[in-house]
Structures are given as C-alpha cells and as structure tokens.
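Engineer: Please read through the structure below; I'll follow up with questions.
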Amino acid sequence: MQKITILLLVLFHSLLACAQVDVVALDQYFQQAQKDWNVPGLSIAVVKDGKVVLAKGYGVLEKGKTTKADENSLYAIASNTKAFVSASIGILVEEGKLHWDDPVQKYLPYFELYDPYVSKHTTVRDLLCHRVGLGTFSGDALWYKTNYSAEEVAKRVKYLPQAYEFRAGYGYTNLMFIAAGEVIRAASGQPWDVFVKERIFKPLGMERSQTSTSALGNLSNVAIPHKSIYGPSEPIPYAGWDNMGAAGGIISSVSDMAKWMNLQLNQGKFEGKTIFSAQTQEIFWTMHNSNRVSAAQKQRYIQRHFSGYALGWGIADYAGRVVISHSGGYDGMYSQVMLVPEEKLGIVVLTNSMTGISPNLCQYTVDRYLKLPLKDWSKEGLSGELEHQAERRKIVETRKIAQVKNTSPSLAPSALVGKYHDPLYGTLEVKIGANNQLELHFPHGPQLDATLKHWHYDTYEIQWKENHAWYDFGTLQFVTDNNRKVIGIEFDVPNEDIFFEEIHAKKL
C-alpha cells in the first residue's frame, strides 16, 4: 500500500509539473510566430519529465501548396546530426573499440592537418569540439555539392590554413565531424549512418528518420526546403549531403526527435533500454572548448556566465540552469534542439526556411517553464532577423555598386580558357560553350557549373546554372603576371558558409 501511495504521489507531481505551463498558450504563440516570420512551415515538439507534452506542425510543407506540416513531417536537421555522431563514438568507447584520446591517425593513417605535430596529436575527442585550429566553416567548399567522398574530403583537409593555435581557440568545423564519421567506420566496420540506424534509430523507434536525401523520393510528408537568407521564401530542391553526412546528414521529424531528447534527458536510457551510460553522457556534456561571453550576451541571456562547446553539443548557463543545445543549418532548412537537464525539459524546432525563428521559440518555451518574466523572444528575434537579411543584401549590393561600367576585358577569351588547379579543391576548367559564352566548369561538382559574363576589366560575374541556397551573386577574377599572362583565378562569392575564396587555382 505504501509503495502504491508513493507511486501515485510521483505521478501526481509529474503531471503537476507538466500542468504548470499553459501548453495551449504555447501552441498559440508558435502559431502566431510562424505567421509573423512568414515561415512556410515548421514543426515543434516539447518534452517534459519523460512525456511529450506537445508535438505539432504549423504552416505548410511547401510554399504555395496546401499540405500541412505536422509532427511526423520530415526535415533536414543538419548539424544536430553531430550529437548522434558523438553518441556513436561514446558507444564505441564503452565497447572498448576506441578511446576518446586515441590519435586520429590510429584509425585514419592518412589524416593530416596544417602541421605535422598537430596531425600526430589530434585525438578523437578533438574532432568533436572544434579546437583543432581550423577556422569556422573553413573548407566547406570541399564537400558542398561535390562528388568527393568523405574519405577524400578528410584527406584534403591538410591544405587548409591554420586559424589559431591547436587547442587554444574555437573554429566550428564540419570537416572534423566528417573525419569522425570515418573513425566510426574504421573502429566499428560500419559506415557512420548504418551504425546510427542500428544503434540509435532502431532501439529508439525513430522509424521515419533518414540519413540521406536519396531516401526521400519514396516517402510522403516531407517538407520542402526554401531559400530565404535574403527575405521572401523560395522553394528549392534538396541538396545531397551524403559526403558530409556525419556532420549534418540526418533527416528527421519532431516526433522522432522527441525520443532522442528523452534519451538524452534520461541519461542514455529509453523505455528500459540503455543506449549509453550516464558516465558517457557526462562526457558529451562536459565543456571542452570555452567561448567568451560578451556583454551583449549577458544582457540578452539571464545570468549567463559561461558558454562553450562540449562533444557535439553547445553548453551554457541560463537563469541558474545548464542549457545543452545545438542548431542546424541546411540548404533551405534551419533547426534547433534545446535541453534543460535539471528540468527534464527538451524542445526541438524544425523548419523549412533559413531564418532564426527556431532558437527564439526554444528560448521562449524555456522561459515559460522556468517561470521567468514574460519576454517576446519571437518579436525580438524577428527584428534581428530582418536586420541580418538587410546586411546580407547590403554586402551583395556593395559589390554591385563597385562595378566599373563600360570597361572591356584586356584579355581575349582564348587566353582565359584552360584548366586551373588548386591543391585543396582540385581542378577547375574555363571553356567556351554555346554561343561563344565563357563557362566555368567544376569537374568535381557539376551542380556548381556556371556561365561567365563580363563584369569589369578582367573580372567576370558567375551566373550559376542552378539555384544555390547560401549565395547567388559572385565574381571570378583572372589574375595575370607582369607580362599579361593568365596565371590563376580568384573568387568573390559573398556568403556566410561556403568559402570559394579559399580556392586559389593556378593555370596549368
């Protein structure tokens, strides 16, 4: 009898905790935010004390269509994949198949960075916390819409420049998680995606989750990406991210992600199954790389004292609690996962737009559960988003204004034609196509092919043959020596992620 009474009391307090927040009001707030931000569609799940208290979609799967988003709609979660990769590494550590501080070269003998000492001493742990010395997003042009395999991408990392001292700074690098995926393959005998499906998706019942866009053709209820970095949303096709899948390739629904969040909030256990131990999770959530907390951040986030990166997760404090979170950015889709372990609270927001709505809705939800003073995070975030979009447009417009009108190229097209080679990226080709139009060809990424239209002097506008999510305008300059012989090409493609400027191709 006493045990039954205790169980009833526990159940009562659990239900009371969930009831403390008006979920209907949350639902209305999310609905209004989707309209205010003019986001085509999004889906949200909130878990509390092991229960899913809300799982719902808002808006539509594709702009101009009528099919509604719901809790089972699939979206690319992008860099929220990184926590799955860290979890996979943790599982392998528990099985004794590798160790956190093993040198990467033990599993990938070809692995090299900018310095022999760093190459030799970079560990599996280092791959997962952005401290190897590479700049943020440096090298993303290596994998973006190229046919390089994950292994080939990892082999070319050695050509990237050092941005800061080894283990003495922060540079968010997708390439190291690509390498981590290859470590999983070497240690387990399975590709990272197969490992994740068998060891995480299957036991959690994440039945709709996928690891490649190639699987989406046979599925229904799939959200369509939208390009929206400059403002109004425009539907675009899915981009293949298979070669960088370990850094951002998972596609999931909020219903499935709710299970993932409850696994995390229950220290590696889910419905009686242990996926990884509580001790291993402590390692996932231990800060390995600290960030400076600015005055603006302290003002924006209540009682913010520290911020940094753990292993596949961001970590910070907020109003006296530790917050574990991560964002994701895919071509046409942004997402956010936010966990407050002490409250057993988790929120996931998946969207089919490239706007910052997700973290603001997560933060608003956290505030409601912590009973903090009411703050309209959506309104404040939307103001910042519009400013950011304006800044992006201004960067492009500044380049367009700088165009010198009525100039002519000093070099004949025949002098520009040929192959150009960059050790990092490989070979590019300039050729003359239909109607005597100069064309830029990417042998390793034909989706990036473009025509070249004279801009000014010996600089040409890159007119992409396909629509790309992160950028549109760009120019290509032909570089000459003192004798007017073409010796190379240099890019200027303004955007925040895919740095064509890292390609310095010399004419062969």
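Quick note: the coordinates plus some simple rules give every number you see, no bench work behind them. Computed from a prediction, not measured in an experiment: that's the story for all the values here. Cβ atoms come from the backbone with ideal geometry, glycine included; neighbour counts cover every protein chain shown.
Engineer: Quick check on the chain: helices-only [θ] at 222 nm, where DSSP H runs of length 4 and up contribute -39,500 (n - 2.57) each and the sum goes over total residues. Nearest 500, please.
Structural biologist: -9000 deg cm²/dmol, from helical runs alone.
Engineer: Can you compute the modelled spin-label distance between A296 and Q31, with each label point 7 Å from Cα toward Cβ, in nm?
Structural biologist: 3.5
Engineer: Next up: At 7 Å along the Cα-to-beta-carbon direction for both E165 and S220, put a label point, then send me their distance in nm to one decimal.
Structural biologist: About 6.0 nm separates the two model spin labels.
Engineer: So, one more: Say the cut-off is 28 Å between C-alpha atoms; which of K158/K465; K155/K394; K97/K120 go over it?
Structural biologist: K158/K465; K155/K394
Engineer: Using +1 at the C-beta of Lys and Arg and -1 at the C-beta of Asp and Glu, which of G41, Y172, I89 has the Cα lying farthest in the positive direction of the dipole of the stretch 2-393?
Structural biologist: Of the options given, the answer is G41.
Engineer: While we're on this one: Filter the cross-link list K106/K419; K227/K485; K453/K485 down to pairs whose alpha-carbon distance in this structure exceeds 31 Å.
Structural biologist: Details: K106/K419 37 Å; K227/K485 40 Å; K453/K485 20 Å.
Checking Cα-Cα distances, K106/K419; K227/K485 exceed 31 Å.
Engineer: For a protection proxy built on the mean count of beta-carbon atoms within 10 angstrom, sort 402-408, 476-482, 349-355 highest first, please.
Structural biologist: Highest mean packing first, the order is 349-355, 476-482, 402-408.
Engineer: For the stretch 413-507, just list the percent of Cα-Cα distances falling in each 5 Å bin from zero outward, please.
Structural biologist: P(r) over the stretch 413-507, rounded to whole percents: 3, 13, 25, 29, 19, 8, 2, 0.
Engineer: Could you grab the relative contact order for the stretch 414-460? Cα pairs under 8 Å, six or more apart, rounded to a whole percent.
Structural biologist: Relative contact order here is 23 percent.
Engineer: What percent does the relative contact order of the stretch 413-507 come to when contacts are Cα pairs within less than 8 Å and at least six residues apart?
Structural biologist: Dividing the mean separation by the residue count of the stretch 413-507 yields 22 percent.
Engineer: Moving to a separate point now. Taking the alpha-carbon distance from K51 and a cut-off under 26 Å, which lysines remain once sequence neighbours fewer than 8 residues away in the same chain are dropped?
Structural biologist: Once the sequence-local lysines are set aside, what remains near K51 is K3, K68, K82, K197, K202, K259, K269, K273, K344, K371, K375.
Engineer: Tell me whether the stretch 187-341 comes out rounded, prolate or oblate; compute the Cα gyration tensor, take square roots of the eigenvalues as a ≥ b ≥ c, and use a/c under 1.5 as the rounded threshold.
Structural biologist: Working: a/c = 1.98, a/b = 1.17, b/c = 1.69.
Since a/c reaches 1.5 but b/c is at least a/b, the shape of the stretch 187-341 is classed as oblate.
Engineer: Here is a further query. Mind ordering 152-160, 464-472 by average Cβ neighbours within 10 Å, highest first?
Structural biologist: Ranked from most to least packed, the peptides come out as 152-160, 464-472.
Engineer: If we count every other residue with Cβ under 15 angstrom of T122's Cβ, Lys/Arg +1 and Asp/Glu -1, where does the sum land?
Structural biologist: 0
Engineer: About its Cα centre, how strong a charge dipole does the chain have in debye, to the nearest 20, once Lys and Arg get +1 and Asp and Glu get -1 at the Cβ? Write down the numbers at each step before the final one.
Structural biologist: Values: 52 positive and 53 negative charges, 88 e Å.
So the dipole magnitude of the chain works out to roughly 420 debye.
Engineer: How many angstrom lie between the Cα centre of the stretch 199-243 and the Cα centre of the stretch 69-91?
Structural biologist: One Cα centre to the other: 11 Å.
Engineer: In whole Å, how far is the Cα centre of the stretch 467-496 from that of the stretch 341-374?
Structural biologist: 41
Engineer: Sticking with this one: Restricting to Cα pairs below 8 Å that are 6+ residues apart, what does the relative contact order work out to for the chain? Please round to a whole percent.
Structural biologist: Value for the chain: 16 percent.
Engineer: Rank H444, H99, S119 by how far each Cα sits towards the positive end of the charge dipole of the chain (+1 on Lys, Arg Cβ; -1 on Asp, Glu Cβ) and give me just the farthest.
Structural biologist: Positive-end residue among those listed: H99.
Engineer: Oh, and also: Provide the packing ranking of 218-224, 324-330, i.e. peptides ordered by the mean count of other C-beta atoms within 10 Å per residue, highest first. Numbers along the way, then the final one.
Structural biologist: Details: 218-224: 16.9, 324-330: 21.9.
With the highest mean Cβ count within 10 Å placed first, the list reads 324-330, 218-224.
Engineer: Assuming 0.36 nm per residue, please report the length gained on full extension of the stretch A278 to N147 beyond their Cα-Cα distance.
Structural biologist: Working: separation 131, 0.36 × 131 = 47.16 nm, distance 3.91 nm.
This chain segment gains 43.3 nm when fully extended.
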